[in-house]
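Notes for the one structure printed next.
Values quoted throughout were computed directly from the atomic coordinates according to the rules given, and no laboratory measurement underlies them. As the structure is a computational prediction, the values presented were derived from the model and not from experiment. Note that each Cβ is placed from the backbone with ideal geometry, even for glycine, and that neighbours are counted across all protein chains shown.
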């Protein structure tokens, strides 16, 4: 798949649509509405990326949220169902990691959930290592947390 990944405004129409689709999919998987308390916003994410296919359709997104201690958290990773398995997620993930490196960060972290085995397999395949929960995910029964050293 021919792919373009670029930084775009958090509150653009395509970003809103992708995040809404992600939230609907997660609500269906878990049978509950979004439970995240401290949500990423235009004011608190460092970078927001959207992947577009050759026709310009937005097919994936991801954000980087800066944390203390030279760390960032990957947020709102999502790829539309029809674009899964085509390299979109890997492209977004690598670009987010590169943004973190350019900011001098040592580690990226992320949290997914126990009912997302596809995401768990993806992060493990991409070199992420399971870690204990952190921040709002510490002790959360559904959280599956990962980290990757960038250096």
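Couple of notes before you dig in:
- Net length available on complete extension from residue 124 to residue 54 is 22.4 nm, with 0.36 nm assigned per residue and the Cα-Cα distance removed.
- Contact order relative to length of the chain, as percent, for alpha carbon pairs under 8 angstrom and 6 or more apart: 19 percent
- DSSP bridge orientation in the chain - percent antiparallel, rounded to nearest 5: 90 percent
- Residue among 123, 48, 30 with the largest mean-square fluctuation in a Gaussian network model of the chain, springs linking Cα atoms under 10 Å: 30
- Summarising the label geometry, the points placed 7 Å from Cα in the beta-carbon direction at residue 8 and residue 23 lie 1.8 nm from one another.
- The distance separating the Cα centre of the range 28-69 from that of the range 95-150 comes to 14 Å.
- Structure-based [θ]222 nm, the chain - -39500 (n - 2.57) summed over DSSP H runs of at least 4, per residue, nearest 500: -9000 deg cm²/dmol
- Treating r as the C-beta distance of residue 134 and residue 42 and R0 as 22 Å, the FRET efficiency rounds to 0.40.
- Tail weight of P(r) past 19 Å, computed on alpha-carbon pairs of the chain, percent: 51 percent
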